[in-house]
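The values are calculated or read from the model by the stated rules, or taken from the named source; none is laboratory data. Note that the structure is a prediction, hence the values are computed from the model and not measured. No Cβ is skipped: glycine too gets one built from the backbone with ideal geometry, and neighbour counts run over all protein chains shown.
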Amino acid sequence: MPREFPRTRRVAEQIQRELAELIRDDLNDPRLGMVSISAVQVSRDMSHAKVYVSVLGNEEQSVASVTVLNHAAGFLRHKLGKLMHIRVIPEMHFYLDRSLQEGARLDALINEAIASDRHGGDDAE
């Protein structure tokens with residue numbers, strides 16, 4: 001059984017670093033909010049990359065930022081081609097990373113359950 005080849009992980013990490021700088025320095029679209037790249041997953045053949053981003057702001061701003069990034073994917077790929085020294089630069093697809101919101105929601109539910117257990121325990125005594 002083949003083991004995970006670390007080259008895809010190294011390329012994904014480099015893409016993440018370079019993209020963060022490119023988005024910060026080269027994209028001047030006013031619809032683009034405060035974008036943070038959460039993760040990059042590169043396919044085994046290095047032809048596609050899923051880029052997960054989180055955006056500071058409400059849902060509307062987040063969706064607008066992801067739309068801007070998907071429209072600028074060709075420009076960003078071209079810039080990456082000049083910065084990275086690999087034969088194939090993956091085609092990038094941007095997705096909104098909802099893990100932070102989901103984590104906060106689960107944390108609130110856990111805190112609510114703990115508070116209700118404490119409050120319920122006081123009534124039993």
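What the table shows:
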item: Filtered residue count, region 37-78, keeping only those that are assigned to a strand (DSSP E or B) and either more than 21 Å from Arg10 (Cβ to Cβ) or out of contact with any strand residue (DSSP E or B) (no Cβ under 6 Å at 6 or more places or on another chain) (or both); result: 3
item: Conditions (1) among the aliphatic types (A, V, I, L, M); (2) under 30 Å from Pro6 (Cβ atoms); (3) surrounded by 14 or more Cβ atoms within 10 Å (Cβ to Cβ): number failed by Leu100; result: (3)
item: Subset of region 79-110 that is in a loop (DSSP other than H, G, I, E, B) and basic (Lys, Arg) - its residue that is farthest from the chain's Cα centre (by Cα); result: Arg87
item: So Tyr52, is it in contact with an Asp or Glu (Cβ under 7 Å, 6 or more places away or on another chain), on the phi < 0 side of the Ramachandran plot and of a type outside the set (A, V, I, L, M); result: yes
item: Evaluation of Thr8 against (1) in a loop (DSSP other than H, G, I, E, B); (2) at pLDDT below 90; (3) touching a Lys or Arg at 6+ places or on another chain (Cβ under 8 Å); (4) not charged (D, E, K, R) (one fails), failing number; result: (1)
item: Residues of region 89-103 satisfying the condition of being modelled with pLDDT under 90 and hydrophobic (A, V, I, L, M, F, W, C); result: Leu100
